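Working notes, structure below.
The values are calculated or read from the model by the stated rules, or taken from the named source; none is laboratory data. Nothing here was measured: the structure is a model prediction, and the numbers come from that model. Note: accessible area is taken over every heavy atom of the protein model, side chains too, but ligands, DNA and RNA are not part of it. Shrake-Rupley method; radii C 1.70, N 1.55, O 1.52, S 1.80 Å.
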Amino acid sequence: MVTTDPTAGPGPAPDPAPAAGPPGGHPARWAILAVVCLAELVVVLDNTVLNVAIPSLTSELGASTADVQWMINAYALVQAGLLLGAGSAADRYGRKRMLLAGLALFGVGSLAAGLAASSAQLIAARAGMGVGAALLLTTTLAVVMQVFDAEERPRAIGLWGAVNALGFAAGPVVGGLVLSHYWWGAIFLINIPVVLVGLVAVAVLVPESRDPRGGRLDLPGIALSVVGMTSVVYAVITGPEHGWTSAGVLVPALAGAAVLAVFAGWERRTEHPMLDPALFRSRRFTGAVTGVVLITFGSGGALYLLTQQFQFVRGDTPLQAGLAIAPFALTVVLVNFTGASARLIARFGLPVMAASGMVLMAAGLAVVALVGGGGYGGMLCGLVLMGAGCGCANPAIAEAVMGAIPREKAGAGAGVNGTLAEMGAGLGVAVLGAVLASRFGALLPDSVDTAESLPAALARASGEAERTWVAEAFASGLQTGQFAGAAAILAGGCAAGLLLGRTGRPVRDAVTGPDPSTGKGRRG
């Protein structure tokens, strides 16, 4: 429920009895949405903005290849490991309070990163930013769930998801523009004004809310989830580099899986679980999380393959590649900012929109795979289809995840959604990258068949004919990886549609009781 925090002292305060609010939710809900989307945008941008700065970091900080990888991965690793715990803490201690804490930590981390004088300092600063990012990603979605009622919530979640997609796609473009005028540290310092505006706006606009029956914080559960998720994500991130059967990958993967199994057992026994395991017995929840994993698996892997296709096959610079891929994100934004996605969800229901959106996205990726070697027009058509499908499926799946979890546990629900999205995207890059590498290696001529990358293979090739052979082998590997991603998304759409059930039932009709902030029906 949305309440005003009646105390200034430490610890959660009891919430007053719920009262019916104005239709649509909180009176300032759209301004609040703008604030949380601004905070979300800088968090998502920093997942990809650093990629274009790798040459500068290598020359100016003397960073090794391993250093650069940790500069990029420390942020994602810490963020993914803390999402579940951050969501639980937000429910327990207050979502506004955790949103402010996340902004402050993200701002301090950005300042430290921008002023870093060594690789070690930058890696540590990026890890600190990851802590703030975990708090922000969970609390922004949790706040959206509190201030909007069931009727407007699909559109609000769609806008939240559109900003997410825009941030990922805009990262390389923003990074390239900043680096064309300033030094690499400015990539992080541009976050500071946004953080300052966000702190003031959140303090003024966002109401405090928390789980009125939150109980004590599940510290053992948080510790187990952090260790387990961090280990698994580390294995996923380092797998392509070290090899999936190497001890450095297998040990953390198996250890992480074992710790997560212990976490699941603990959550079944503890009095105040951070994540109720009974949720996974719900067909709706299972369908929603299946959709989250497979849509992010396909889209994350597809974007990874597309950046290589535009740079290595088509010869674009990183900035040109970012601009070429931008229509995907812009279509997602258009579908949601016009309200088209919300209207379609209200008309046809979550199962139909989740399934049809993912089918459309799979078709777009298949088009990209088929026409990848031709002109940009065909690629553009595929990217628009992918964006339209993602723009419809993402909010439907996110609404299904959040709607399957009690509203007072919105932080935990956002943590589940964010964790699965991180896992899906990471696995997409790893698995589709492995498909690419396997197909590429199998098609290479014998003289260069030990090369581990396209540049290395081209350098070893003798003569124009062999270089053409190598380039065609890489293009074939990309196509195979893209078809595999399309198949995963298609399977996810079918599974999500079947598991969500009640195909075609409108959102506004699927109610189980009054929304405590509005007195109107809400999703069960």
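Points to keep in mind about this one:
- Going by accessible surface with a 1.4 Å probe and the largest first, GLU152, GLU271 read GLU271, GLU152.
- What separates the Cα centres of region 180-242 and region 30-88 is a distance of 9 Å.
- Sequence-separation-based contact order of the chain, relative, with Cα cut under 8 Å and 6+ spacing, percent: 23 percent
- Prolate/oblate/rounded label for region 154-298 (Cα gyration tensor, a/c 1.5): oblate
- Alpha-carbon radius of gyration plus Dmax, which is the widest Cα pair, for region 365-484 in Å: 19.7, 66
- The candidates LEU205, LEU334, arranged from most to least accessible area with a 1.4 Å probe in the full protein assembly, appear as LEU334, LEU205.
- For LEU344, solvent-accessible area (1.4 Å; no DNA, RNA or ligand), Å²: 60 Å²
- The angle between the Cα long axis of helix 191-205 and the main principal axis of the chain comes to about 20°, on a 0 to 90 degree scale.
- Rounded to the nearest 10 Å², the accessible area of ARG460 at probe 1.4 Å: 120 Å²
- Rounded tilt (10° steps) of 247-269 against the dominant C-alpha axis of the chain: 10 degrees
- Amide H contacts of GLY25: ASP149, each under 5 Å away and 5 or more positions distant or on a separate chain (H built 1.01 Å from N in the peptide plane; Pro and chain starts excluded).
- For region 54-95, diffusion coefficient by Stokes-Einstein and Kirkwood Rh (Cα), 4 °C, 1.567 mPa s, µm²/s: 106 µm²/s
- Accessible area of region 247-365 belonging to carbon and sulfur atoms, whole % at 1.4 Å probe: 69 percent
- Against the main long axis of the alpha-carbon atoms of the chain, helix 350-371 sits at an angle near 10°.
- The chain shape via C-alpha gyration tensor axes, a/c threshold 1.5: prolate
- Across region 56-169, Cα pairs under 8 Å and at least six residues apart give a relative contact order of 31 percent.
- For the chain, the solvent-accessible area works out to 38 Å² per residue, with a probe of 1.4 Å and every protein chain left in place.
- Where only DSSP H runs of four or more residues are counted, the chain gives -25000 deg cm²/dmol as its mean residue ellipticity at 222 nm, each run worth -39500 (n - 2.57).
- Rounded accessible area of TYR93 (nearest 10 Å², 1.4 Å probe): 70 Å²
- A prolate overall shape is assigned to region 273-397, the ratio a/c of its alpha-carbon gyration tensor axes (a ≥ b ≥ c) being 1.5 or greater and a/b exceeding b/c.
- For region 206-344, averaging the sequence separation of C-alpha pairs within contact (under 8 Å, six or more residues apart) and dividing by the residue count gives a relative contact order of 17 percent.
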